[in-house]
Amino acid sequence: LSLHDALPICKLFALSERQFEAEGEALELLSRARTLEEGQLTIGADAAIHVLPHLAKFRARYPAIALRLVTGNSAELRAALDAFAIDIAVTAERPPGEAYLARLLRRDRLVAVAAHGEQLPRRMTLARLAAGTLILREAGSVTRNLLTAELQAHMIKPASTIEIESREAAREAAAQGLGIAIMSEGELVPDTRLQVIAISDWQAEMEEWLLCLKARAGLHVIRSFLGLQSARGEA
């Protein structure tokens with residue numbers, strides 16, 4: 001066998017050897033992923049308070065998996081889910097279509113919150129609330145969409161509004177006396193600066209849904225997270 005003939009064979013052998021090594025590394029990586037010895041799970045939530053207990057349960061079961069939590073409103077999180085930027089989303093809205101696996105986590109009524117020093121009754125109509133300053137969430141927020149639709153349906157025009165991004169900032173603005181915020185009862189945290197006001201003529205509820213793309217639901221890390229959830233419903 002001449003040197004000229006042997007060179008292609010040597011190159012082929014080297015390529016084959018690297019391919020076998022890569023295949024072995026891939027199989028090892030897949031094996032570690034199946035046993036959840038390594039990997040990352042990225043979750044997006046419109047309210048961290050709803051997902052933190054589930055993260056704690058998952059962390060206790062699979063401590064080797066790196067967890068990443070990002071926040072945003074429902075529209076932003078759905079876009080991130082579609083772009084594969086996050087693995088799971090927890091949002092206040094169940095999207096239409098057949099592309100998603102959706103589980104209902106909880107349902108809570110909407111209430112108004114205001115600074116504790118304000119002399120306000122414990123129950124108020126929506127029209128009376130709108131006579132003051134309403135703190136609105138940013139565009140894309142389900143809370144804002146529900147409130148705006150209800151006001152329009154009853155032809156109620158707020159006397160004054162303040163738009164503030166994020167649930168936490170809106171709650172803080174209410175505590176500082178800037179106005180009245182509308183939020184889910186399940187998102188309230190103990191705060192002596194705030195008073196909760198029931199809305200007597202609006203019985204709206206907020207839902208929280210756990211979502212993932214059906215096409216990715218079979219991934220082991222996503223499937224394992226879903227398997228730990230004691231969800232109330234599934235669609």
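The values are calculated or read from the model by the stated rules, or taken from the named source; none is laboratory data. Not measured: the values here are computed from a predicted model. Positions of Cβ are backbone-derived with ideal geometry, glycine not excepted, and every protein chain shown enters the neighbour counts. These area figures cover heavy atoms from the full protein model, side chains too; ligands, DNA and RNA do not enter into them. Shrake-Rupley method; radii C 1.70, N 1.55, O 1.52, S 1.80 Å.
Taking every residue in region 196-223 that is in a helix (DSSP H, G or I) and pairing it with any residue that is of a type in the set (Ser, Thr, Tyr), at least 6 positions away or on another chain, the pairs with Cβ-Cβ distances below 9 Å are Lys214/Tyr100; His220/Thr35; Val221/Tyr62.
Look through Arg68, Arg106, Arg78 and report the one residue that is in contact with a strand residue (DSSP E or B) (Cβ under 6 Å, 6 or more places away or on another chain), basic (Lys, Arg) and either more than 23 Å from Leu219 (Cα to Cα) or surrounded by 15 or more Cβ atoms within 10 Å (Cβ to Cβ) (or both). Answer to the selection: Arg106.
In the condition set (1) within 14 Å of Leu110 (Cα to Cα); (2) of a type in the set (A, V, I, L, M, F, W, C); (3) modelled with pLDDT of 95 or more; (4) open to solvent by 30 Å² or more (accessible area, probe 1.4 Å), Leu178 is compliant with all but (1). Name the residues in region 201-220 that are under 27 Å from Glu38 (Cα atoms) and out of contact with any Ser or Thr (no Cβ under 8 Å at 6 or more places or on another chain), would you? The answer is Leu210, Cys212, Leu213, Lys214, Ala215, Arg216, Ala217, Gly218, Leu219, His220. Arg59 fulfils the conditions (1) in contact (Cβ under 8 Å) with a residue 60 or more places away in the chain; (2) in a helix (DSSP H, G or I); (3) more than 23 Å from Val189 (Cα to Cα) except for a single criterion, (1). Set side by side, the residues Ala48, Ala89 differ, and just one is under 10 Å from the mean Cα position of the chain (by Cα) and buried (at least 21 other Cβ atoms within 10 Å of the Cβ), which is Ala89. In region 145-166, the residues that are under 13 Å from Ala131 (Cα atoms) reach residues that are open to solvent by less than 70 Å² (accessible area, probe 1.4 Å) and not charged (D, E, K, R) with C-beta atoms within less than 6 angstrom, at least six apart or across chains, in these pairs: Ile156/Ala127; Ile156/Ala130; Pro158/Ala130; Pro158/Leu134; Ser160/Thr133; Thr161/Leu134; Thr161/Leu136.
Looking at this structure, is Glu118 within 30 Å of Ala198 (Cβ to Cβ), surrounded by fewer than 19 Cβ atoms within 10 Å (Cβ to Cβ) and touching a residue at least 12 places away in the same chain (Cβ under 8 Å)? So that I can check it myself, show each step before the final result.
Numbers: within 30 Å of Ala198 (Cβ to Cβ): yes; surrounded by fewer than 19 Cβ atoms within 10 Å (Cβ to Cβ): yes; touching a residue at least 12 places away in the same chain (Cβ under 8 Å): yes.
Judged against the criteria, Glu118 is a match.
Taken over region 133-170, the criterion of being in a loop (DSSP other than H, G, I, E, B), among the acidic types (Asp, Glu) and open to solvent by 70 Å² or more (accessible area, probe 1.4 Å) is satisfied by Glu165 alone.
Collect the residues in region 171-183 that are outside any helix (DSSP H, G or I), of a type in the set (Gly, Ala, Ser) and more than 17 Å from Ala139 (Cβ to Cβ), keeping them in residue-number order. Gly177, Gly179, listed by residue number.
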